[in-house]
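The block underneath contains the structure these notes are about, expressed in structure tokens.
The values are calculated or read from the model by the stated rules, or taken from the named source; none is laboratory data. These numbers were taken from a predicted model, which means no experiment stands behind them. With ideal geometry, Cβ positions are generated from the backbone for all residues, glycine too; neighbour counts draw on all protein chains shown.
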Amino acid sequence: MKGLVLAVRALDAGLRIVAALCLVVLFGLMLAQVALRYTAIGVPAFTEEVARYAMVWMALFAAAVAVREGSHIRIDFVPMALGAVAAPLGRALEFALDMVTLGICLVILWQGFDIVSFAAQQRSEGLRIPMSWPYSAMPVAFGFAALFALARLALVETRK
């Protein structure tokens with residue numbers, strides 16, 4: 001169990017680092033676009049596209065981290081109120097909400113594979129890369145989110 005906790009923490013740290021790097025790339029490209037817009041050089045066409053992809057990857061990896069922390073969008077008033085009155089009921093509702101989160105992550109993961117296979121036939125306008133590369137953010141991030149949801153169900157230590 002301790003190895004699993006360490007693996008979840010390492011994966012969480014890795015996703016945070018990648019999301020932070022995406023944010024740095026996004027910020028740098030936006031700054032460059034503003035600076036280059038007022039020069040004779042002009043703005044390279046690829047900068048907006050790369051910035052958009054960096055924003056999507058950053059947001060989806062941050063969503064996976066939010067699943068690990070239990071801070072994603074969900075109504076937690078009822079579990080907190082039940083936990084204060086009857087702790088077993090609060091824990092049972094938390095478990096049920098984590099099961100719903102896992103189910104949603106698995107559905108989006110499954111649909112993400114369909115989207116990636118559909119997008120493989122297209123190329124991006126600026127970079128001319130297969131659109132399956134940027135679209136793969138969805139199954140990758142929700143795969144991690146599903147793993148984190150499973151870890152929340154299996155390990156109390158992964159909860160903050």
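Just checking, which of 123, 152, 128 is out of contact with any Cys (no Cβ under 9 Å at 6 or more places or on another chain) and within 22 Å of residue 10 (Cα to Cα)? First the steps, then the outcome.
Numbers: 123 fails: within 22 Å of residue 10 (Cα to Cα); 128 fails: within 22 Å of residue 10 (Cα to Cα).
Matching residue, one of 123, 152, 128: 152.
Considering every residue within the range 66-76, establish whether at least one is assigned to a helix (DSSP H, G or I), modelled with pLDDT of 85 or more and touching a helix residue (DSSP H, G or I) at 6+ places or on another chain (Cβ under 6 Å).
yes
Residue check: is residue 35 exposed (fewer than 13 other Cβ atoms within 10 Å of the Cβ), of a type outside the set (Lys, Arg) and either in contact with a strand residue (DSSP E or B) (Cβ under 7 Å, 6 or more places away or on another chain) or closer than 24 Å to residue 132 by Cβ (or both)?
Details: exposed (fewer than 13 other Cβ atoms within 10 Å of the Cβ): yes; of a type outside the set (Lys, Arg): yes; either in contact with a strand residue (DSSP E or B) (Cβ under 7 Å, 6 or more places away or on another chain) or closer than 24 Å to residue 132 by Cβ (or both): no.
When the stated conditions are applied, residue 35 does not pass them.
Looking at the range 38-58, I want the residues that are farther than 17 Å from residue 25 by Cβ and have a partner that is surrounded by fewer than 17 Cβ atoms within 10 Å (Cβ to Cβ) with Cβ atoms under 8 Å, at least 6 apart or on another chain. Which pairs are those?
Filtered contacts from the range 38-58: 42/36.
Out of everything in the range 98-118 that is more than 29 Å from residue 130 (Cα to Cα) and buried (at least 18 other Cβ atoms within 10 Å of the Cβ), what residue ends up being modelled with the highest pLDDT?
The residue in question is 102.
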